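One structure is given here, and the rest of the page talks about it.
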Amino acid sequence: MSHPHPTREALQQEAAVRLATLQGKALSSRDRMAIPSQDMPSQSPDARRANMGEVALGYTAEQARLEALRCLQCKNAPCIDGCPVRIDIPAFVKAMAEGRDAEAIAIIRRNSLLPSVCGRVCPQEVQCQERCTVGKVLKSVDKAVSIGRLERYAADLERESGDFRLPPVKPETGKRVAVIGSGPASITVAADVRREGHAVTLFEAFHKPGGVLIYGIPEFRLPKTIVQQEIETLQAMGVELKTNFLVGRTRKLQDLIDKDGFDAVFVGTGAGLPKFMNIEGENLVGVFSANEYLTRANLMRAYDTGRADTPIFKSRKVAVLGGGNVAMDSARMAVRLGAQEVHLVYRRTEAEMPARVEEVGHAKEEGVLFHMLQNPCRILGNDFGLVTGMECLRYTLGEPDDSGRRRPVEIPGSEFVMEVDTVIVAIGNESNPLIRQTTPGLAVNRRGNLVVAPETGKTSIDRIYAGGDIVLGAATVILAMGEGRKAAASINALLATPVA
Ligand code: FAD
Ligand code: SF4
Ligand code: SF4
């Protein structure tokens, strides 16, 4: 299937021509809103189905300038209220519109430690961009100023220019902080605490640091070199990294304080425990949790069959169950791993899907087949224990449930069989249980998430703080970073207080 697809050069050319017509003009709000929203250059669907390279290629300089000129510099800046870390959006966008790119990234970095990451994976359309006045006036969030893409452009420019300066670290205080996990919440805590001169040790269960940014979100959405560089920055600041270290097993949480002499601990262990459907046949060979499937492909580079030792299950017909970002990532990964057919099966309709609209669009362009209002009630297998298909039911939508979305209701007698050899279950994750199971006195809620004081991130145990998905349940990168920032401020305040 081939689609008309503008090249990066064509988009650049178009932007350059329009930019030339605006040079030296004092632009009114009307002029700014007349500038078309700039499309993100991307690999064509046909090309990207067969490679792991990043799909979105990033704005050209001309596009970035033009897109920045669309901003109205609203006095009340509603976009800032939509950003969980409150980046000064009008200020950085103005700097870009005026060609002061280095200043733009400096403004972003005041509030965000991972702009290359957030510019790529933030759900901007329900955060900063949802509030944008331009989108509101033009009656479409798609026409809002593309804040995330501009953020990505500024961050990439800085990285690629090699102009990045290490954040300054204050003189050593002699205090020690343990940070457990190495996802975005922990990376933020490690940087913010280290800047104050405290020694920081990062403990990570896997052999590679980065959390979901490394093992979950695929290379084609977030290149791993970007995450790797953030980790190297932490190490250059003096953060010590201990991988293959499972807190709760290798060492108990409380022992880090009582026996190992850490003055404070941050728990950022995420929500990596996959949920299953609990239906017949889920233990057959060929059924995977999305976590396992993506971890094999991303962290262990199973797709690199020539060089990696990780075995990869050769699939012909894949069904992915779920409608969130994790389901989209799994389906698109299956396409790239060579499946002939990839079917996305969801109990509700596309309108209720929690996945980002952009990801749904990309999945469709890449040939993923969507089956709405259907769900398996049984996975079928052969005498060898291998998956051969799914018995499914059709659904209709009933009244809204607790989540506010209309409840899917089974249609009795609607059973049918879908032939597949692989089933990927992507219906959500819960918080990792090991630490709560091995730490007496650590308060958790009924979902198993750690309970913290909202203002400080402190848990029920003194000197132990937590944040990110382990507190929020499966959430977002930027929310995890925001939580990390808050907890780091509390830890820094605790360690600044002289012991009585
Ligand atoms: P994590 O990133 O989960 O990191 C936790 C780390 O702790 C892991 O490395 C884990 O190995 C380690 N760990 C766990 N237990 C222990 C232990 N006992 N000892 C030592 N280490 C331990 N969010 C977005 O904003 N945009 C997206 O597009 C997006 N896509 C996603 C796609 C997928 C496939 C997934 C799974 C999630 C996605 N998310 C997305 C969600 C986002 O990645 C998470 O909300 C975010 O990474 C949470 O950060 P965290 O620091 O709390 O934990
Ligand atoms: Fe928007 Fe996310 Fe950037 Fe904040 S961090 S401005 S929400 S893209
Ligand atoms: Fe610019 Fe939109 Fe923010 Fe207004 S709301 S300052 S137009 S980005």
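The values are calculated or read from the model by the stated rules, or taken from the named source; none is laboratory data. Model, not experiment: these values are computed from the prediction. Quick reminder, even Gly has a Cβ in these numbers, built from the backbone with ideal geometry, and neighbours come from all protein chains shown.
Points to keep in mind about this one:
- Index of the failed condition, K314 passing every other in (1) more than 23 Å from the chain's Cα centre (by Cα); (2) closer than 29 Å to T476 by Cβ; (3) of a type in the set (K, R): (2)
- So V145, is it among the β-branched types (V, I, T), crowded, with 24+ Cβ neighbours inside 10 Å, within 13 Å of A68 (Cβ to Cβ) and within 16 Å of ligand 2 (Cβ to nearest atom): yes
- Among residues of region 147-172, those that are without any contact (Cβ under 8 Å) to a residue 24 or more places away in the chain and hydroxyl-bearing (S, T, Y), counted: 1
- Residue under evaluation D46, criteria (1) within 16 Å of ligand 3 (Cβ to nearest atom); (2) loosely packed, with under 15 Cβ neighbours inside 10 Å; (3) of a type in the set (D, E), criterion not met: (1)
- Verdict on G468 being crowded, with 16+ Cβ neighbours inside 10 Å, modelled with pLDDT of 95 or more, over 30 Å from V342 (Cβ atoms) and touching a Pro at 6+ places or on another chain (Cβ under 9 Å): yes
For every residue, the table says whether it meets (1) basic (K, R); (2) modelled with pLDDT of 95 or more; (3) surrounded by 14 or more Cβ atoms within 10 Å (Cβ to Cβ).
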site	(1), (2), (3)
G398	no, no, no
G404	no, no, no
L434	no, no, yes
V452	no, yes, yes
S460	no, yes, yes
I464	no, yes, yes
A475	no, no, yes
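- Scanning region 39-62 for residues that are farther than 30 Å from H5 by Cβ, among the aliphatic types (A, V, I, L, M), part of a helix (DSSP H, G or I) and assigned by TED's automatic domain parsing to the domain that holds A15 turns up nothing.
- Any hit, region 172-187, residues being touching a helix residue (DSSP H, G or I) at 6+ places or on another chain (Cβ under 6 Å), of a type in the set (K, R) and either closer than 30 Å to L273 by Cα or within 10 Å of ligand 1 (Cβ to nearest atom) (or both): no
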